[in-house]
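Report on the following structure.
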Amino acid sequence: MPKNNDSAFSKPLLTWFKQHGRHDLPWQQPRNAYRVWLSEIMLQQTQVQTVIPYFERFIKEFPNLQALAKASQDEVLHQWTGLGYYARARNLHKTAQLIVEQHNAEFPQDYDDILALPGIGPSTAAAILAQAFDQPHAILDGNVKRVLTRFYAISGWPGKKKIETQLWDIARQHTPDHSATDYTQAIMDLGATVCTRSKPGCKTCPISPHCSAHKQGNPCDYPTPKKRASLPVRKTTMLLLQNTKGEILLQQRPAQGIWGNLWSLPELDKTENINQISQQHYACKVETSTRLTPFRHTFSHFHLDIQPIHCRVSTHTQCVMDSGSQVWYKCDPADKRGLPGPIKKLLEATLEKKP
Ligand code: SF4
C-alpha cells in the first residue's frame, strides 16, 4: 500500500480524533519530552485511568529530568509503589541520570539515541519522538496491534516475529508525514476507547467501512491470543514481625529478581521455624503469632500464594537497628521507600489495627 494514500485509514482517523480523541490527558498539558517519556513508560502494561494519579504524584515530586536524576532510587520506587513492573522505575531513574550525563540534561531527539536508553523499545522511542517532537515515526503498542490485526484480519499471535514484522510494515505505511503527534494519539485512542478488547464499537468507528474483521463480523477473534500454559504456583510464608512500638520489620530485597531493591517482609520456607529465624536473623523473641488470611499475587510468569503470619515480638538489647538492608517500619508519609503493592496493603491493614 503506498504511503499516505490513506483515505481508508489515517485520514478518517485524524478527522475522528479532532472531535473524539483525548486532548486533556495530564501529560498533554503541557507537553514536553520528559512528561511524554514518563507517561509512555507508565502506560506500558498499565491502563490510562490507573496511570493518571501516579503520573500526577510523580510529576509533583520530580517535576523535571534533573529532579528525577538527583533523587535516590528508593524515592523513585516509593512513587512507583503499586504500579507494578518495577524495572520500569529503575530504568526510568537510570535513564534520567544518563541523559543528564551524556546529553546535557536535554532529552535526545534522535531515534537511535533514544532507543539506546534503558527501558525504551522501538515503539516507545517512536511514541516519544512523535508526541514530543512531531517526528513521523510509527508506533506499535498493544492498542495499535489490536486495531491493525482487526483492520487487516491478520491471524497469528502478534508477538511472533513474522506477524510483528508484518504489523510494523503496515504501521509505517499508515503513519503520515504530517500530524505525527495527532496521528499517534489518534490510533492509541481508537484502540483504547473504540476498538476495545472485548466490545469493539464498530458502529462509531471511523475506519469501519474498510475494516476486514468488521466485515467478517468477528473482530474479537483478533488479535490471536498467545498460547500459554497455565501459570505455575509458588508458595511463601511472610512474617509481619511487629515490635512493642508497633513497627514492622522490613528487609530490602536483592537488586536482581522480583521486586528488586524494594522493601518487603522476611520470608520463611517450610523447614524453618519462626522462633528460631526471628531470634537468629532479626534478634526478636516471638511472644504471639497469628496466621492471617492467605492471598495470591500474580506476576506475569507465576502466581505467588502468600501466607502472612503476624508476630508480636520483643527485641533484644543488641537488637537489629535500622541498617542498610533492614528497618523497623511504621506507615509514615515521610518514609519514602519503595514497597511492593501487596506488601503495602498488608502493612497498612496491620498497622491500622490497634496494638
Ligand atoms: S471497525 Fe470495529 S474492529 Fe474494525 S477497527 Fe473499528 S472498532 Fe475495530
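The values are calculated or read from the model by the stated rules, or taken from the named source; none is laboratory data. None of these values were measured; they are calculated from a predicted model. Every residue, glycine as well, gets a Cβ built from its backbone with ideal geometry; the counts of neighbours run over all protein chains shown.
If you take the residues in the range 95-151 that are among the aromatic types (F, W, Y) and either part of a helix (DSSP H, G or I) or within 16 Å of the ligand (Cβ to nearest atom) (or both), which one is surrounded by the most Cβ atoms within 10 Å (Cβ to Cβ)? Write out each step before concluding.
So in the range 95-151, the residues among the aromatic types (F, W, Y) come out as 107, 111, 133, 151.
Okay, now just the ones that are also either part of a helix (DSSP H, G or I) or within 16 Å of the ligand (Cβ to nearest atom) (or both), so 111, 133, 151.
Details: Y111: 15, F133: 16, F151: 23.
Top of the filtered list is F151.
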- Answer with yes or no whether A192 is out of contact with any Phe, Trp or Tyr (no Cβ under 8 Å at 6 or more places or on another chain) and closer than 22 Å to G142 by Cα. yes
- Message: Where the second residue is among the hydroxyl-bearing types (S, T, Y) and at pLDDT 90 or above and the first is under 17 Å from W157 (Cα atoms) and within 14 Å of the ligand (Cβ to nearest atom) and lies in the range 221-234, which pairs have Cβ atoms under 7 Å and are six or more apart or on separate chains?
- Response: Y222/T149; P223/T149
- Note on the structure: Residue set D221, D189; condition at pLDDT 95 or above, touching a Gly at 6+ places or on another chain (Cβ under 8 Å) and among the charged types (D, E, K, R); output residue D189
- Applying the selection to the range 152-170, what residues are under 24 Å from the mean Cα position of the chain (by Cα) and within 16 Å of the ligand (Cβ to nearest atom)? P158, L167
- Task: Would you check if K215 is modelled with pLDDT of 95 or more and outside any loop (DSSP other than H, G, I, E, B)?
- Result: yes
- Message: Residues to consider are I207, I139, I128; find the one that is more than 23 Å from W27 (Cβ to Cβ), in contact (Cβ under 8 Å) with a residue 24 or more places away in the chain and aliphatic (A, V, I, L, M).
- Response: I207
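Would you be able to tell me the number of residues in the range 205-243 that are of a type in the set (V, I, T) and more than 19 Å from L292 (Cα to Cα)?
Total meeting the criteria: 3.
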- Pick from the range 251-265, criterion in contact with a helix residue (DSSP H, G or I) (Cβ under 8 Å, 6 or more places away or on another chain) and in a strand (DSSP E or B), ranking: nearest to the ligand (Cβ to nearest atom): S264
- Considering only the range 26-76, give the helices (runs of 4 or more DSSP H) lying wholly within it that have at least 3 residues that are under 17 Å from the mean Cα position of the chain (by Cα) and buried (at least 19 other Cβ atoms within 10 Å of the Cβ). 33-43, 48-61
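Mind checking which residues of the range 221-237 are surrounded by fewer than 19 Cβ atoms within 10 Å (Cβ to Cβ) and in contact with a strand residue (DSSP E or B) (Cβ under 7 Å, 6 or more places away or on another chain)?
The answer is L231, V233, R234, K235, T236.
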- Apart from one, (1) surrounded by fewer than 18 Cβ atoms within 10 Å (Cβ to Cβ); (2) under 27 Å from the mean Cα position of the chain (by Cα) all hold for C202; the odd one out is (2)
- Working carefully through the options T50, T15, find the one that is free of Cβ contacts under 8 Å to residues at least 60 places away in the same chain and of a type in the set (S, T, Y). T50
- Item | Those residues of the range 77-92 which are among the aliphatic types (A, V, I, L, M) and surrounded by 15 or more Cβ atoms within 10 Å (Cβ to Cβ), in sequence order | L77, L83, A89, L92
- For N218, work out the one condition from (1) closer than 23 Å to W37 by Cβ; (2) more than 26 Å from the chain's Cα centre (by Cα); (3) within 13 Å of the ligand (Cβ to nearest atom) it doesn't fulfil. (1)
- What are the residues in the range 169-180 that are in contact (Cβ under 8 Å) with a residue 12 or more places away in the chain and surrounded by fewer than 19 Cβ atoms within 10 Å (Cβ to Cβ), if any? R172, Q173, P176, D177, H178, S179
